[in-house]
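K.L.:
So that we are looking at the same thing, I have put the structure below in structure tokens.
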């Protein structure tokens with residue numbers, strides 16, 4: 001095994017280690033539930049607030065009154081770690097309460113080409 005193959009195998013071992021998945025952005029599953037979409041969108045709003053206000057993770061954590069680790073889970077959209085009511089509570093500490101709302105809309109079925 002040459003050095004390049006060895007380095008690649010070490011890299012794969014490192015990224016497959018469950019301890020190294022904290023800073024991975026999660027996406028929604030292929031067919032997300034309404035709850036998953038709502039939680040994901042709240043996480044995205046919190047991330048947008050952080051970016052817009054040029055805040056560090058620590059500053060966002062302090063404003064929401066939670067740990068840096070929990071804040072990172074929100075910023076990387078680890079939605080399975082939170083209930084919807086907790087995310088709404090955290091978002092309301094950052095955003096004007098009028099900005100925090102859930103909108104339910106019927107899913108539109110797209111025409112199918114035959």
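The values are calculated or read from the model by the stated rules, or taken from the named source; none is laboratory data. What you are looking at is a predicted structure, and each value in this text was computed from that prediction instead of being measured. Counting neighbours? That spans all protein chains shown, and the Cβs are built from the backbone with ideal geometry, glycine included.
K.L.:
Based on what the data block shows, is residue 32 out of contact with any strand residue (DSSP E or B) (no Cβ under 8 Å at 6 or more places or on another chain) and at pLDDT 90 or above?
P.N.:
yes
K.L.:
Output the residue which, of all residues in the range 69-100 that are loosely packed, with under 13 Cβ neighbours inside 10 Å and at pLDDT 65 or above, is nearest to the chain's Cα centre (by Cα).
P.N.:
Checked the range 69-100; the qualifying residue nearest to the chain's Cα centre (by Cα) is 80.
K.L.:
Could you please find all residues in the range 47-63 being in contact (Cβ under 8 Å) with a residue 12 or more places away in the chain and under 21 Å from residue 37 (Cβ atoms)?
P.N.:
If the condition is that a residue be in contact (Cβ under 8 Å) with a residue 12 or more places away in the chain and under 21 Å from residue 37 (Cβ atoms), then 47, 49, 50 are the ones that fit.
K.L.:
Within the range 26-49, can you find the residues that are surrounded by 14 or more Cβ atoms within 10 Å (Cβ to Cβ) and outside any helix (DSSP H, G or I)?
P.N.:
The answer is 26, 28, 32.
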